[in-house]
Structures are given as C-alpha cells and as structure tokens.
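Participant: Once you've had a glance at the structure underneath, I'll fire off some questions.
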Amino acid sequence: MAKNNEKTNVMRILDSKKIEYTPFVYSEDMTEGVLIAEALGEDVKQVFKTLVTESPTKAHYVFVIPVAETLDLKAAAKQVGEKSVSMLKQKELLPLTGYIHGGCSPIGMKKQFVTVFDESAEKFTEIFVSAGKVGRQIKVSPVGLAALINAKFAKITV
C-alpha cells in the first residue's frame, strides 16, 4: 500500500517545475476510474484517465479524458493529424511509457508524446490525474499541466 508521504516520479517532476498539486491515496485494488472518483469523493467529470493510442504508422499519442467518458477515436485522430488511431495493447503500455494499466499519468512517460486533453478539463481550476502509480492520484491545474507537457485541449470524447 502506498504511503501518504511517498513521492512518485510524477510528483518529483511537478516539484522540480514548481507546479502545485495535492496528492491523494486510494486502495490499490481499484483501477476503475468511476470507483476511484467515488472513493475520493470527487465529481467524475473532474477525474481524468490517461489513454495511449497508436496510429497505423506506429506513432503514439496520449489522450486525457474524464473517467466516465469514451474516447472518440475519429476526433482524436483528427486532432493529431492522423487518419486513424487505435488503443494501445495493454501489454505494450509499460515498455512504451514506463507505466502500468491503472497507473498511467500524462506526466513523466519515458518519452513525451503528443498529448490532447478533453476540452472539459478547461472548465475546472483543478482536475485529478494519476500520480504514476496505482493507488495514487494528484489534483492539479489542467492549464498548468497542459503547459508543462505541451498539450492542447479539444473535443475528443464521444
């Protein structure tokens, strides 16, 4: 079980860039976003999941959307200038990003991929994203986070 004061790599990156965040810990048995939002007592519209996709040319893209929403693959592809994108196979996630399913954060991947946040994130002063480990979340400014990873905002949910 994660300790409350244990820093993840995501937190160390945010600390080094002087970006404020609030850490949260929840049961490591939970990997379903809606349940995590409920466990944290937060609005599901404010809790985001990080999805990694692949184009037919094997380029990779990251999309950050509310946990209860579904990625619109056509809209997502259009936002990154591709004809199509598909979800990355789960077994490919760790070698590509350094993160496991349920603990994937848009911050601190092995390589910085083109990243798009759902436009709904801009409605909030703070959103929740994974802190890079199962059982860990951070609450952070979506604008500050997008600036850090050079992400843009667009309508990418169904």
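Participant: I need the full set of residues from segment 10-60 which are surrounded by 16 or more Cβ atoms within 10 Å (Cβ to Cβ), of a type in the set (S, T, N, Q), under 16 Å from the mean Cα position of the chain (by Cα) and not in a helix (DSSP H, G or I), in order please.
Facilitator: Within segment 10-60, 50, 53 qualify.
Participant: Continuing with this model, one more query. Which numbered condition trips up residue 156, out of (1) of a type in the set (Val, Ile, Thr); (2) open to solvent by 10 Å² or more (accessible area, probe 1.4 Å); (3) over 26 Å from residue 23 (Cα atoms)?
Facilitator: Looking at each condition in turn, residue 156 falls short on (2).
Participant: Which members of segment 90-122 meet the condition of being open to solvent by 90 Å² or more (accessible area, probe 1.4 Å) and within 17 Å of residue 147 (Cβ to Cβ)?
Facilitator: Matches in segment 90-122: 112, 122.
Participant: Going through 111, 139 one at a time, which residue ends up being touching a Phe, Trp or Tyr at 6+ places or on another chain (Cβ under 6 Å), at pLDDT 95 or above, within 15 Å of residue 10 (Cα to Cα) and of a type in the set (Lys, Arg)?
Facilitator: The conditions single out 139.
Participant: If you take the residues of segment 70-89 that are within 15 Å of the chain's Cα centre (by Cα) and open to solvent by 70 Å² or more (accessible area, probe 1.4 Å), which of them is nearest to residue 156 (Cα to Cα)?
Facilitator: If we filter segment 70-89 for residues that are within 15 Å of the chain's Cα centre (by Cα), which is where we start, we get 70-71, 76, 87-88.
With open to solvent by 70 Å² or more (accessible area, probe 1.4 Å) added as a condition, the list becomes 70, 87.
Numbers: 70: 9, 87: 14 Å.
Of everything passing the filter in segment 70-89, 70 is nearest to residue 156 (Cα to Cα).
The values are calculated or read from the model by the stated rules, or taken from the named source; none is laboratory data. Just so we're clear, the structure is a prediction, and the values are computed from it rather than from any experiment. Cβ coordinates were reconstructed from backbone atoms using ideal geometry, including for glycine residues, and neighbour counts include every protein chain displayed. Heavy atoms of the whole protein, side chains included, go into the accessibility calculation; ligands, DNA and RNA do not. Shrake-Rupley method; radii C 1.70, N 1.55, O 1.52, S 1.80 Å.
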